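Written out below as structure tokens is the structure these notes cover.
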Amino acid sequence: MIKNIRKIALFGTSADPPTNSHKFIIEELSKNYNLVITYASNNPSKNHHETLYFRSLLLKTLIDDLNNTKIFFDQDLSSPWAIKTIKNCKAKYNLIEIDFVIGSDLLKEIILWKNVDEFFKEVNLYIVSRVGYPINLETLNFIKKNNGNYKISLIKVPENSSSNFRESNDYSKLPKCIIPIIEKNNLYTSTRQRK
């Protein structure tokens, strides 16, 4: 099935928790790519509020709810290191080319990533702008200088993030399908208790 697909987007996210913006990005990617592969990950530069187990459960629930054959959840690809995820994805699905989706909020971190030179050889970057995180020309120059390729997405992502939810406890920022899991497992309770 996957071997004949040419245009692949790989979208890893902390999903802490997945929001309506994550849902929007994934749905928009599915309009531009033959296949979107997504997974929850531990970002070494972030402090996560819930375990990877619960974050991946929430993301899988969202993906299952979308019921879109072009969107695929594969938690087995997850690694804190993007280069490892990419190599695992290429090997598992016999892929040559992948667009690695990255939000503009993480773009500045890329210069600190493990094996960044190798990373640029393995993928094309697909940069999604996020409100409050302008795309930095210096970082784009760094990518070019290191033989990286990138495209800047035209997707207009709604201003809504996981941190917005954790600060506001506003369930309207979340896909309805994940709310029962959050409530049943008392997730993000430390955030809710501060309010």
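Just so you know, all these numbers are worked out from the coordinates, no wet-lab data involved. Quick caveat, the model's predicted, so the values are computed rather than measured. Ideal geometry is used to build each Cβ from the backbone, glycine not excepted, and the neighbour counts take in all protein chains shown.
Once the mean of 1/r is taken over each pair of separate Cα atoms and inverted, the range 38-121 shows a Kirkwood hydrodynamic radius of 14.1 Å.
If R0 is 35 Å, the Cβ-Cβ spacing of SER168 and LEU140 corresponds to a FRET efficiency of close to 0.60.
Please identify every one of the GluC sites (Glu not before Pro) in the range 1-99 that sits in a loop by DSSP and has no more than 13 other beta carbons within 10 Å of its own beta carbon. Qualifying residues, ordered by number: GLU97. The Cα-based radius of gyration and maximum Cα-Cα distance (Dmax) for the range 1-154 are 14.6, 41 Å. With each label modelled as a point 7 angstrom along the Cα→C-beta vector, the ASP117-THR189 pair spans 4.9 nm. For the range 40-54, the Karplus equation 6.51 cos²θ - 1.76 cosθ + 1.60, evaluated at θ = phi - 60°, returns couplings of 8, 9, 9, 8, x, 9, 10, 9, 7, 8, 10, 5, 4, 4, 6 Hz by residue, with Gly and Pro reported as x. Taking Lys and Arg as +1 and Asp and Glu as -1, the other residues whose beta-carbon sits under 15 Å from that of ASN146 total 0. Ratio of Rg to Rh for the range 72-195: 1.03 [Cα atoms; Kirkwood radius as inverse mean 1/r over pairs]. For GluC sites (Glu not before Pro), the sites in the range 100-195 that DSSP calls loop and that have at most 11 other Cβ atoms within 10 Å are GLU159. Placing a label point 7 Å from the Cα of LYS151 along the Cα-to-Cβ direction, the residues of the range 106-127 whose backbone N falls under 17 Å from that point are 122-127. Taking THR51, THR19, THR38 in turn, the Gaussian network model of the chain (Cα-Cα springs below 10 Å) assigns the largest fluctuation to THR51.
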